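Data first, discussion second: the structure below is written as structure tokens.
The values are calculated or read from the model by the stated rules, or taken from the named source; none is laboratory data. All values reported here derive from a predicted model rather than from experimental measurement. FYI the Cβ positions are ideal-geometry reconstructions off the backbone, even for glycines, and counts take in every protein chain you see. Ligands, DNA and RNA are excluded from the accessible area calculation, which covers all protein heavy atoms including side chains. Shrake-Rupley method; radii C 1.70, N 1.55, O 1.52, S 1.80 Å.
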Amino acid sequence: MSLGEAMFTQRAIRRLKPDPIPDEVMRDIMEAAIRAPNGGNTQQWHFIVVKDDDTRKQLGELYHEAWWAKRKDQGIMGPEDIPPGKNSTRSAMRLANEFGDAPVMVLICALNKGGSGGIIPAAQNLLLAARAFGVGGTITTLHADVDDRVHELLGIPAEAQVVYCLPLGYPRGTFGSVQRKALSEVCSYERWG
């Protein structure tokens, strides 16, 4: 698959099949992730690939709790509080309910608090490489309410920061182009507007 095809057909995949991802595919995906540009080539990151059933289940429970903690921060106490037409929120809620079923989870950590700048290109490289193999995923974040427990569960040192948690799997559904605003609406040349 060409890079252009991967970029133009990549989308957030939140509905995942439970089918395992072969080890050699995950290795290639992770090799792509660590090739991302980063400040001074200091590689201030650490990746944790989680495949163990029990650990994924526990992470799924923590993610579900984190997702609802974020919604409560927004004044949403339950599904009935999600406004009509908020399909992306409902899709994200379904992911929160099914998170522990993803066959692989990748946590991307900054080696020190506040060192997350180089993580963004690594996450995008990871998702583009995954797309090339027909594997989908999406970038998610956790919540302070579960941070200590995630650190404990995975043996993450206190000075490291979990920046993203990406559930990966083969999609239930399809890849394809997504609706985007016209370039002229979101891009200016020389100055804003």
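Just a few scattered comments:
- Fraction of the pair-distance distribution of the chain above 19 Å, Cα-Cα pairs, percent: 63 percent
- The label point for Gln179 and the one for Asp23, both projected 7 Å from the Cα toward the Cβ, are 4.4 nm apart.
- Packing-based ranking, highest mean first, of 2-8, 68-74, 29-35 given that Cβ atoms within 10 Å are counted: 29-35, 68-74, 2-8
- P(r) tail fraction, segment 1-106 - alpha-carbon pairs more than 21 Å apart, %: 53 percent
- Descending Cα extents along the principal axes, segment 90-140, whole Å: 31, 26, 19
- Segment 114-161 shape via C-alpha gyration tensor axes, a/c threshold 1.5: prolate
- At 1.306 mPa s and 10 °C, Stokes D of segment 93-193 from Kirkwood alpha-carbon radius, µm² per second: 100 µm²/s
- Each Cα pair under 8 Å and six or more residues apart adds its separation to the average, and for the chain the resulting relative contact order is 38 percent.
- Distance between modelled label sites at Lys51 and Glu190, nm, 7 Å Cα→Cβ extension: 5.5 nm
- For the chain, the fraction of 1.4 Å probe accessible surface lying on carbon and sulfur atoms is 51 percent.
- Value at 222 nm in deg cm²/dmol, rounded to 500, when DSSP H runs of n ≥ 4 in the chain each add -39,500 (n - 2.57): -12500 deg cm²/dmol
- When you restrict to C-alpha pairs under 8 Å that are six or more residues apart and normalise by the size of segment 70-170, the relative contact order lands at 38 percent.
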